[in-house]
Amino acid sequence: MRHLVAGNQVFHNGVPVQLLYRVALFPTGETWRVRRLFVEAPDREEHFAYCDPVSFLNTKKATRWATAE
């Protein structure tokens, strides 16, 4: 489904999450164990339906001038 792979960081329905592992595969979509990004919260399972809005989080390595020293 949309090239979802463990380790991807995506926005699922507008919420940034990291995909840990796929739990189940259904005709309507997939269930993944996810970890919310930027928020202290326990890992949880989320169902990714084929019609859900999913976009990949683009992460780039910070340049030296952008890092705090």
message: Against the definition (loosely packed, with under 12 Cβ neighbours inside 10 Å and modelled with pLDDT under 90), how does ALA68 come out, yes or no?
response: yes
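Residues are listed down the side, and each one gets a yes or a no for (1) among the aliphatic types (A, V, I, L, M); (2) modelled with pLDDT of 95 or more:
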{"site": "LEU4", "(1), (2)": "yes, no"}
{"site": "GLY7", "(1), (2)": "no, no"}
{"site": "TYR21", "(1), (2)": "no, yes"}
{"site": "PHE26", "(1), (2)": "no, no"}
{"site": "TRP32", "(1), (2)": "no, yes"}
{"site": "LEU37", "(1), (2)": "yes, no"}
task: Filter the range 3-35 down to residues that are out of contact with any Pro (no Cβ under 9 Å at 6 or more places or on another chain), surrounded by 14 or more Cβ atoms within 10 Å (Cβ to Cβ) and not small (Gly, Ala, Ser), then give me how many there are.
output: 13
statement: Within the range 45-54, the count of residues that are within 12 Å of VAL10 (Cα to Cα) and either touching a residue at least 60 places away in the same chain (Cβ under 8 Å) or surrounded by fewer than 12 Cβ atoms within 10 Å (Cβ to Cβ) (or both) comes to 1
- prompt: Is there any pair with a first residue in the range 32-44 that is at negative phi and a second that is at pLDDT 95 or above and part of a loop (DSSP other than H, G, I, E, B) whose Cβ atoms are under 7 Å apart and which are 6 or more apart or on different chains, and what are they?
  reply: ARG33/ASP43; VAL34/ASP43; ARG35/ASP43
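The values are calculated or read from the model by the stated rules, or taken from the named source; none is laboratory data. In this text, all values refer to a predicted model and were calculated from it rather than measured experimentally. When we count neighbours, we look across all protein chains shown, and the Cβ atoms used for this are built from the backbone with ideal geometry, even at glycine.
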